[in-house]
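> Right, I'll just put the structure down here and ask away after.
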Amino acid sequence: MSAPQVQQLSADVCVAPQLDADAMAWAVQTGFKSVVNNRPDYEGGPDQPTSAVIEAAAKAAGLQYAWLPVLPAVQTPEEIARFAALLAELPKPILAFCRTGTRSGKLYRAATSG
């Protein structure tokens, strides 16, 4: 697989567009310790890999995995608080992803502002 387009948001956090199970081995080789999936299952249709499939690959590769599905248009205060907790709890560096990376970036900025 080709390397995903990763955007670095801080020393410990990057975001990416949709990742699949094969990308979990790449993430480990790149140095990531944790992956956060911000996409609801089947948001992109039946061809989108499910959280369970990605989680199994992440764990097999030695990554910590968290699923925090959020809708593209709005991130609730509860979702933002959960993302902030994941940033505090998960081993770093962390790679978060959604369809394009934008939603994960918005969550990061909301969770770390203030």
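The values are calculated or read from the model by the stated rules, or taken from the named source; none is laboratory data. Since the structure is predicted, the reported quantities are computational estimates derived from the model, not experimental observations. Backbone-built Cβ (ideal geometry, glycine too); neighbour counts: all protein chains shown.
> Hey, does region 94-114 have a residue that's farther than 19 Å from V6 by Cα, of a type outside the set (F, W, Y) and modelled with pLDDT under 95?
Yes - at least one qualifying residue is present in region 94-114.
> Just checking, how many residues over region 7-37 are β-branched (V, I, T) and either under 12 Å from the mean Cα position of the chain (by Cα) or exposed (fewer than 14 other Cβ atoms within 10 Å of the Cβ) (or both)?
4
> Every residue in region 85-94 that is in contact (Cβ under 8 Å) with a residue 40 or more places away in the chain and part of a helix (DSSP H, G or I), please.
Passing the criteria: L86, L87.
> Then there's this: Within region 69-79, count every residue that is modelled with pLDDT of 95 or more and either of a type in the set (K, R) or under 22 Å from I54 (Cα atoms) (or both).
Selection size over region 69-79: 3.
> Just to be sure before I move on: is P4 modelled with pLDDT under 95 and either surrounded by 14 or more Cβ atoms within 10 Å (Cβ to Cβ) or within 13 Å of the chain's Cα centre (by Cα) (or both) in the structure I sent?
Answer is yes for this residue.
> Can you run down the residue pairs with Cβ atoms below 8 Å, 6 or more apart or on separate chains, where the first is in region 47-71 and over 23 Å from A85 (Cα atoms) and surrounded by fewer than 18 Cβ atoms within 10 Å (Cβ to Cβ) and the partner is among the basic types (K, R) and at pLDDT 95 or above?
Filtered contacts from region 47-71: Q48/R39.
> Mind checking which residues of region 4-32 are under 19 Å from K59 (Cβ atoms) and among the charged types (D, E, K, R)?
Answer for region 4-32, where residues must be under 19 Å from K59 (Cβ atoms) and among the charged types (D, E, K, R): D20, D22.
> Does at least one position in region 91-104 carry a residue that is charged (D, E, K, R), touching a helix residue (DSSP H, G or I) at 6+ places or on another chain (Cβ under 9 Å) and buried (at least 18 other Cβ atoms within 10 Å of the Cβ)?
Scanning region 91-104 turns up no residue that is charged (D, E, K, R), touching a helix residue (DSSP H, G or I) at 6+ places or on another chain (Cβ under 9 Å) and buried (at least 18 other Cβ atoms within 10 Å of the Cβ).
> Turning to a different aspect of this structure: Residue check, F83 against (1) surrounded by 15 or more Cβ atoms within 10 Å (Cβ to Cβ); (2) of a type outside the set (V, I, T); (3) under 15 Å from A23 (Cβ atoms), all met but one. Which one?
(3)
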